[in-house]
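J.: Before we start, here is the structure in question, set down as structure tokens.
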Amino acid sequence: MKFIFPKNYNFKNKIMGVIDYSTAIFNIVIFVLVYFIVSIFVKNITLKVFFIILFYLPVFLFCIFGSNNESIVMIFFYVIKFLLKPKLYLYK
């Protein structure tokens, strides 16, 4: 059985078909930062788990559901690019 893909088909490698690799690396970096910051201030293990879930879960959920199959790294790139050079585009 042969499959024919059009030339303009954009194939992206993803981990388990959900998250692309740059977003996964971004999530790991954010998790490590949150873990180290929480571990500096909190010594109780249950409070550590609570604060890690509180601070990391919204970022993780936004990476999976909120970006419409766009890499979170590219979203931050677009936002920073817009903040440095804001322009107003009007189309008829």
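J.: Quick check: is even one residue across region 68-89 part of a loop (DSSP other than H, G, I, E, B), among the small types (Gly, Ala, Ser) and loosely packed, with under 12 Cβ neighbours inside 10 Å?
T.: no
J.: Sticking with this one: Return the residues of region 49-86 that are of a type in the set (D, E, K, R) and either touching a Lys or Arg at 6+ places or on another chain (Cβ under 9 Å) or touching a residue at least 12 places away in the same chain (Cβ under 8 Å) (or both); say none if nothing qualifies.
T.: Residues satisfying the conditions do not exist here.
J.: Moving on to the next point. How many of the residues making up region 3-54 are charged (D, E, K, R), within 16 Å of the chain's Cα centre (by Cα) and open to solvent by 90 Å² or more (accessible area, probe 1.4 Å)?
T.: 1
J.: Taking the criterion of being touching a residue at least 24 places away in the same chain (Cβ under 8 Å) and of a type in the set (Phe, Trp, Tyr), would at least one residue in region 25-38 satisfy it?
T.: yes
The values are calculated or read from the model by the stated rules, or taken from the named source; none is laboratory data. Keep in mind the model is a prediction, meaning the values are calculated, not measured. Cβ atoms come from the backbone with ideal geometry, glycine included; neighbour counts cover every protein chain shown. The accessibility values were calculated without ligands, DNA or RNA, using every heavy atom of the protein model including side chains. Shrake-Rupley method; radii C 1.70, N 1.55, O 1.52, S 1.80 Å.
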